[in-house]
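Student: Could you have a look at this structure, given as structure tokens, before my questions?
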Amino acid sequence: MSKVMIVTGASRGIGAATAKLAASKGFAVCVNYKSHTQEAQAVVEEIQSNGGIAIAVKADVTIVSEVNRLFTETVKAFGGLHALVNNAGILETQMRLEDMSSERIERIYNANVFSPILCIQAAIKIMSTRYQGSGGSIVNVSSVASRLGSPREYVDYAASKGAIDTLTIGLAKELAIDGIRVNAVRPGCIDTDIHASSGEPNRIERVKHLVPMQRGGTAAEVASAIVWLASDESSYTSASFIEVAGGN
Ligand code: NAP
């Protein structure tokens, strides 16, 4: 039987690249998304046309009942769960912290911190040997912003990724005895739609000279690290971070 992976936010960008790569390596993949149904369906169709196994499940992972349905539907379709990639995340318009509304900050923390926690809770109940599961791997998509801080752009977002880093370390230690590894990938500036939400779709062009490699990265380059951490090839790796940031 194929190993089963849920990738949150897999209709586009890094999540879509991760779903496609994981499927090519033999995972049956649940492509989760919030609103872009056609894009999610296209990811599933591409996987299937290459001989892989995938379903798409629309679920807003900031909502407890939708997270529970996401995990239930995946287990119903594939018979289990072996890997969770907490990829769904948002950022908002660039501004100084004092100008951010409390509603915006709440949205950022709901999407980037609360939702991965909800998904991990659901995954533990299926994968943990404590609950008769067979173990598994959790990969959190953080950001180099957690180290750099994103001043004058989105300190709220950077701090939410800092929370993900701490969560990764704590849970890796908490869950090791239950057969679950927890790691994170910290992408740098990656060419996806997310930069449009910050109000600067071409941000990579402006900042690429600050990257030692002098370029932005691709979603596929991030996916390689995520899928390695999700797979048995990284079986003795936990509480670890892979920087995919061109040297930054
Ligand atoms: P993206 O292109 O904007 O795609 C975001 C994905 O997340 C979409 O599939 C979207 O679904 C989904 N999503 C958002 N909110 C959701 C929710 N509440 N429930 C379910 N799905 C939701 O983003 P990306 O650049 O690939 O980023 C992916 C991850 O990498 C994020 O965690 C981001 O913070 C991190 N990251 C990105 C960069 C970068 O430069 N791109 C750098 C560092 C870290 P819909 O399509 O249905 O809206």
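Readers should treat all values here as calculations from the given coordinates under stated rules, not as data from a laboratory. All values derive from a computational prediction rather than experimental measurement. Using ideal geometry, Cβ is built from the backbone for each residue, glycine included, and neighbour counts are taken over all protein chains shown.
Student: Among Q48, Q132, Q121, which one shows the biggest mean-square fluctuation in a GNM of the chain, springs joining Cα atoms closer than 10 Å?
Tutor: Q132
Student: Starting from the 7 Å offset along Cα-to-Cβ, what nm value, one decimal, do you get for the label separation of A42 and Q94?
Tutor: 2.7
Student: If you count, for each residue, the other Cβ atoms within 10 Å and average over each peptide, how do 217-226, 5-14, 24-33 line up from highest to lowest? Before the final figure, lay out the partial values.
Tutor: Working: 217-226: 20.6, 5-14: 27.5, 24-33: 23.4.
Peptide ranking by packing, descending: 5-14, 24-33, 217-226.
Student: Using a 7 Å offset from the Cα along the Cα-to-Cβ direction at both Q214 and K173, what is the distance between the two label points in nm, to one decimal?
Tutor: So the two model labels end up 4.3 nm from each other.
Student: Taking H as built 1.01 Å from N, whose amide H comes closer than 5 Å to the amide H of I180, not counting residues under 5 places away?
Tutor: G136
Student: Could you work out the pair-distance distribution P(r) of the chain from its alpha-carbon pairs, with 10 angstrom bin width and percents rounded to whole numbers?
Tutor: Spelled out bin by bin, the chain gives 8, 34, 38, 18, 3, 0 percent.
Student: Tell me, what is the FRET efficiency for S49 and A239 to the nearest 0.05, using R0 = 45 angstrom and their Cβ-Cβ distance as r?
Tutor: Numbers: r = 37 Å, r/R0 = 0.83.
E(calc), rounded to 0.05, equals 0.75.
Student: So, one more: Calculate, in nm to one decimal, what D191 and Q132 gain on full extension: separation in residues at 0.36 nm each, minus their alpha carbon distance.
Tutor: So the chain would gain 17.2 nm between D191 and Q132.
Student: Another one. Around M100, what is the net charge, scoring Lys/Arg as +1 and Asp/Glu as -1 over all other residues with Cβ under 11 Å from its Cβ? Let's see the in-between values first.
Tutor: Working: positive: R96, R104, R107; negative: E92, E98, D99, E103, E106, D156.
The answer is -3.
Student: If you fit an axis through the alpha-carbon atoms of helix 155-175 and take the longest principal axis of the Cα set of the chain, what angle between them do you get, 0 to 90°, nearest 10?
Tutor: Taking the Cα atoms of the chain, the angle to 155-175 is about 30 degrees.
Student: Got a sec? Which residues in segment 92-107 would a label at V207 touch, if it sits 7 Å along Cα→Cβ and we count backbone N under 13 Å?
Tutor: Residues 92-95 qualify, since their backbone N sits under 13 Å from the label point.
Student: Which residue fluctuates most in the GNM of the chain (Cα springs below 10 Å): S65, S238, S102?
Tutor: S102
Student: Net charge around R147, counting only other residues with Cβ within less than 11 Å of its Cβ (Lys, Arg = +1; Asp, Glu = -1)?
Tutor: 0
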